[in-house]
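Encoded as structure tokens, the structure appears first; notes follow it.
Please treat every number below as a calculation from the coordinates, not as lab data. Owing to the predicted nature of the structure, the values given are computational and were not obtained by experimental measurement. Here the Cβ is made from the backbone with ideal geometry for all residues, glycine too, and neighbour counts use every protein chain on show.
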Amino acid sequence: MSAPIQTAVVVGAGTMGHGIAQVLAQAGISTTLVDLNPDVVKIGHAKIVENLDKGVQKGKLSDADRDATLARLRTATTTAPLSEADLLVEAIPERLELKARLFAEADAVMPAGAMLASNTSSLSIAAIAAATKRPDAVIGLHFFNPVHIMKLLEIVRGPLTSEATLQAARDLAQRLNKTAIVVNDAPGFATSRLGICLGNEAMRMLEEGVASAADIDAAMKLGYGHPMGPLALSDLVGLDVRLNISEGLFTELGTDGFRAPRLLKRLVTLGHVGKKAGRGFYLWNNGEIVGENPAARRQPV
Ligand code: NAD
């Protein structure tokens with residue numbers, strides 16, 4: 001695993017996958033973005049083009065860099081390109097059975113020496129690695145949303161991850177111009193474990209009528225210096241994604257802070273899953289908050 005990564009496949013082209021494919025391609029890696037759903041692949045590719053165009057407009061990127069990045073990017077609706085890839089980055093939904101199935105499939109076809117990485121927010125790398133015959137090559141590469149902007153890469157070392165795999169992940173972080181932290185394989189790692197607690201409590205406060213969503217978020221922004229309030233951040237991440245993480249962490253850690261709030265479950269049932277749906281705790285239009293979602297208010301008895 002000492003040679004630099006040249007070819008990557010990102011599986012899952014949703015909120016995270018398209019951003020991960022963008023930064024890999026920008027770093028000079030031939031990248032294929034895969035999703036089972038052809039519409040998601042098209043939308044993901046269009047978002048990458050939009051991000052790169054914005055970068056050119058802002059003077060952060062040359063026309064030639066944009067064109068070279070797009071030339072390194074392919075899309076697909078099957079995982080066939082894995083058979084020639086040095087790197088898998090998996091960004092499919094946060095459910096262990098789905099990830100384990102994909103890793104078993106990837107293990108069967110990827111070349112020796114490849115790195116098999118998951119963008120999981122909270123699941124056990126050991127459990128994902130157990131689906132393969134090469135747990136030493138499996139690692140967590142936890143990116144943040146939006147991927148092309150957020151500096152952090154949380155590298156999660158499973159109990160069987162080799163030093164060579166860890167070093168290759170650190171090298172990749174450097175090529176991607178990300179700041180890496182290395183965390184052991186504990187539920188929710190260093191980020192989601194704290195983030196979910198804060199988000200869940202903010203939701204319970206909204207449920208109890210302590211304050212409006214905007215005021216709860218302003219409390220954390222202006223009082224604690226957070227760049228974004230916990231409810232707006234939950235909308236950005238996706239409430240379905242947050243619910244999956246919260247339920248997984250509650251099962252693993254068992255403490256009340258991780259119990260999924262009823263309000264979160266209700267909004268997910270309604271399909272009000274945040275920014276991507278145009279409504280969550282807030283109403284969204286063109287990527288901006290335009291008001292609070294009446295469905296997220298305390299329900300009169
Ligand atoms: P998403 O729902 O936006 O996208 C997941 C995509 O995976 C969907 O488009 C779906 O069609 C596709 N998919 C499902 N099974 C597949 C398969 N077998 N093969 C190919 N494609 C498949 O989800 P997301 O928000 O991008 O989250 C993906 C992962 O990243 C999760 O593990 C999540 O916890 C993690 N994560 C999310 C965020 C965030 O802010 N949303 C941040 C960090 C990490």
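Descriptive notes on the structure:
- Charge dipole magnitude, Cβ of K and R +1, D and E -1 - the chain, Cα centre, debye nearest 20: 340 debye
- GNM top mover of GLU208, GLU105, GLU252 - the chain, alpha-carbon springs below 10 Å: GLU208
- For the chain, modelled as a GNM whose springs connect Cα atoms under 10 angstrom apart, the maximal fluctuation among LEU61, LEU206, LEU153 occurs at LEU61.
- Cα gyration tensor category, rounded, prolate or oblate, for region 191-292 with a/c compared to 1.5: oblate
- Amide H contacts under 5 Å for ASP185, placed H, 5+ residues apart: ARG157
- Within the same chain, lysines fewer than 8 places from LYS42 are excluded, and of the rest, those with a Cα less than 16 Å from its Cα are LYS276.
- For the chain, built as a Gaussian network whose Cα springs stay under 10 Å, the top-fluctuating residue of SER162, SER118, SER246: SER162
- The string of couplings for region 51-58 from the Karplus curve (6.51, -1.76, 1.60, θ = phi - 60°) is 4, 5, 4, 4, x, 5, 4, 7 Hz, one whole number per residue in order, with x for Gly and Pro.
- Once the Cβ-Cβ distance of LEU96 and GLN167 is raised to the sixth power relative to R0 = 35 Å, the FRET efficiency obtained is 0.85.
- Protection proxy ranking, highest mean first, for peptides 189-195, 54-60: 189-195, 54-60, where packing is the per-residue count of other beta-carbon atoms within 10 Å, averaged.
- Stokes-Einstein D in µm²/s, Kirkwood radius over Cα pairs - the chain at 20 °C with 1.002 mPa s viscosity: 108 µm²/s
- When Rg and the Kirkwood radius Rh are both evaluated on Cα atoms of region 7-184, their ratio Rg/Rh stands at 0.95.
- Cα centroid of region 202-216 to Cα centroid of region 63-117, whole Å: 40 Å
- For VAL210 and ARG266, the difference between the fully extended length at 0.36 nm per residue and the C-alpha to C-alpha distance is 18.3 nm.
- Under 10 Å, Cβ to Cβ, from GLY274 - net charge with Lys/Arg +1 and Asp/Glu -1: +2
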